[in-house]
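One structure below.
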Amino acid sequence: MRVSVIGCGHLGAPHAVAMAEIGHEVIGVESDPGRCEALGNGIAPFFEEGFEDLLVRHTASGRLRFTTDLREAADFADLHFIAVGTPLRADGHGYDMTQVIEAVRSLVPLLNRPATIVGRSTVMVGTVERLQKIIDADARVANVELVWNPEFLREGHAVRDSLLPDRIVAGLTSRQAREAVEEVYAPILDHGVGLILTDPPTAEVIKSAANAFLTTKISFINAIAEVCEYVGADVNMVAHAIGVDRRIGDGGMRPGIGAGPKDVTDFTHRVGELGARNAHGFLTAVDSINADRIPAAIRLIERAHGGPIDGRTIAFLGTAFKAGTSDVRDSPALRLAERLAERGATPVIYDPEAIAATRELHPEFGYADTAEQAITDADLVVLATEWPEFTADPELPATTADLVRHRVLVDVRNTVEPGPWLAAGWEVWQLGRRPQRP
């Protein structure tokens, strides 16, 4: 099948290589000429596990190519994925839908035969209705169908989740659209992945509700972590014990510095606009707890240090949104580093993949080429992104113990096993747990 992917950032580019991997001829449309050229040459402009290997393979085979010309994609493909960005608006209330609206508005008049437009971008509830009006008004040919196909990708695992997702959700209204979806995803469906067919508004709400529920789990366990701090309980044990209940489950229920705020913030704002007062109040509380985790982490760091951090050097391990990606957009880790700098500390950053993206935003921070280099002469160590080399390397505590001024590790992701650190003489501080000392 001939498909286009319009927008080749962190969402679109992994989707494009995944579509090529399952056998389609793919053209990616990227408005940034530099990024477009890099992708066409098989050069990944960001890190995402498994992405570069497939990019190199399929640009070399000719199955995948990139262009800045939307008309070229309109002439080539029969199915068009919309995967452009939807950042938060400047006022922080809801998504900026400009790129999605303009992508559809620009594409539709260029279509000269029946086609299916498949939305992948994360949008506010009610967007599909707006897009359908654009198609109805601007289409020059009949049978231009709109499908809403929300993504449920985990950053760092976008390629894997594209090739073998938990489920595929498609909101559509016609048999032609259903057949197009079943054809484009046939190799994935053949592996037993479930296809959930519904109408477009329901597909929009499924995406927003899923994000809100995941954030609710994180906010809930972070609220319990605060309780544990007051009474001296262990939040990790609480999470494990209640997670054994199959009605609850412990997946995603690990305390930390919060989820990226964009998705639940938009949904909360939109729910308020719709007048759903109870839902708005509930989601506002969830969002508020999530937003408070950075101050909670700063309080923990100051307690671990024994006082204010003004003038202190902090080895800061990880600024990526999460392990497996170089993305720092909406990264709680990066927000924490920014707040520490505002309080007079000097963060010395090491991240296996996100150094370049972080340095572009904050050239004033200190940077290191290795974790060991970052830790050298630091006053304490903050682990903020759960990269395996920080959390699973049994040698790291011992090899760095004599490099730091004070053997104090503040793990704001609650992700390390304290044993090896304690054995090497470190104190380990984690949210919702008693300080652990050797």
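Quickly run through segment 353-375 and pick out the residues that are of a type outside the set (A, V, I, L, M, F, W, C) and in contact (Cβ under 8 Å) with a residue 60 or more places away in the chain. Within segment 353-375, just 353 meets the criteria. Scanning segment 224-250 for residues that are assigned to a loop (DSSP other than H, G, I, E, B), more than 16 Å from residue 436 (Cα to Cα) and charged (D, E, K, R) yields 245, 246, 247, 250. Of the helices (runs of 4 or more DSSP H) lying entirely inside segment 22-100, those containing at least 1 residues that are farther than 28 Å from residue 114 by Cα are 33-40, 51-61. Among the residues in segment 246-256, are any crowded, with 18+ Cβ neighbours inside 10 Å, in contact (Cβ under 8 Å) with a residue 12 or more places away in the chain and farther than 29 Å from residue 407 by Cβ? Yes, some residue in segment 246-256 is crowded, with 18+ Cβ neighbours inside 10 Å, in contact (Cβ under 8 Å) with a residue 12 or more places away in the chain and farther than 29 Å from residue 407 by Cβ. Checking every residue in segment 306-316 against the condition of being outside the structural domain of residue 124 (by TED's automatic domain parsing) and more than 30 Å from residue 232 (Cα to Cα) gives at least one match. On the given criteria, is residue 310 surrounded by fewer than 23 Cβ atoms within 10 Å (Cβ to Cβ), farther than 17 Å from residue 415 by Cβ, charged (D, E, K, R) and in contact with a Phe, Trp or Tyr (Cβ under 7 Å, 6 or more places away or on another chain)? It is false that residue 310 is surrounded by fewer than 23 Cβ atoms within 10 Å (Cβ to Cβ), farther than 17 Å from residue 415 by Cβ, charged (D, E, K, R) and in contact with a Phe, Trp or Tyr (Cβ under 7 Å, 6 or more places away or on another chain).
Looking only at residues of segment 422-438 that are touching a residue at least 24 places away in the same chain (Cβ under 8 Å) and touching a strand residue (DSSP E or B) at 6+ places or on another chain (Cβ under 7 Å), we find that the one that is surrounded by the fewest Cβ atoms within 10 Å (Cβ to Cβ) is 435. For first residues located in segment 323-334 and of a type in the set (Asp, Glu), partners that are assigned to a loop (DSSP other than H, G, I, E, B) and lie 6+ apart or on another chain with Cβ distances below 6 Å form the pairs 327/10; 327/155; 327/321; 330/260. From the list 374, 398, the lone residue that is crowded, with 19+ Cβ neighbours inside 10 Å and either assigned by TED's automatic domain parsing to the domain that holds residue 305 or not charged (D, E, K, R) (or both) is 374.
Identify all residues within segment 1-11 that are surrounded by fewer than 24 Cβ atoms within 10 Å (Cβ to Cβ) and touching a strand residue (DSSP E or B) at 6+ places or on another chain (Cβ under 6 Å); write none if there are none. Result: 2, single match.
Against the numbered list (1) within 28 Å of residue 204 (Cβ to Cβ); (2) assigned by TED's automatic domain parsing to the domain that holds residue 376; (3) of a type in the set (A, V, I, L, M); (4) part of a helix (DSSP H, G or I), residue 328 comes up short only at (4). When segment 84-99 is filtered for residues that are modelled with pLDDT of 90 or more and touching a helix residue (DSSP H, G or I) at 6+ places or on another chain (Cβ under 7 Å), the ones remaining, listed by number, are 84, 85. When restricted to residues that are under 9 Å from residue 349 (Cα atoms) and either among the aromatic types (Phe, Trp, Tyr) or in contact with an Asp or Glu (Cβ under 9 Å, 6 or more places away or on another chain) (or both), segment 367-384 contains 2.
The values are calculated or read from the model by the stated rules, or taken from the named source; none is laboratory data. Just so we're clear, the structure is a prediction, and the values are computed from it rather than from any experiment. Counting neighbours? That spans all protein chains shown, and the Cβs are built from the backbone with ideal geometry, glycine included.
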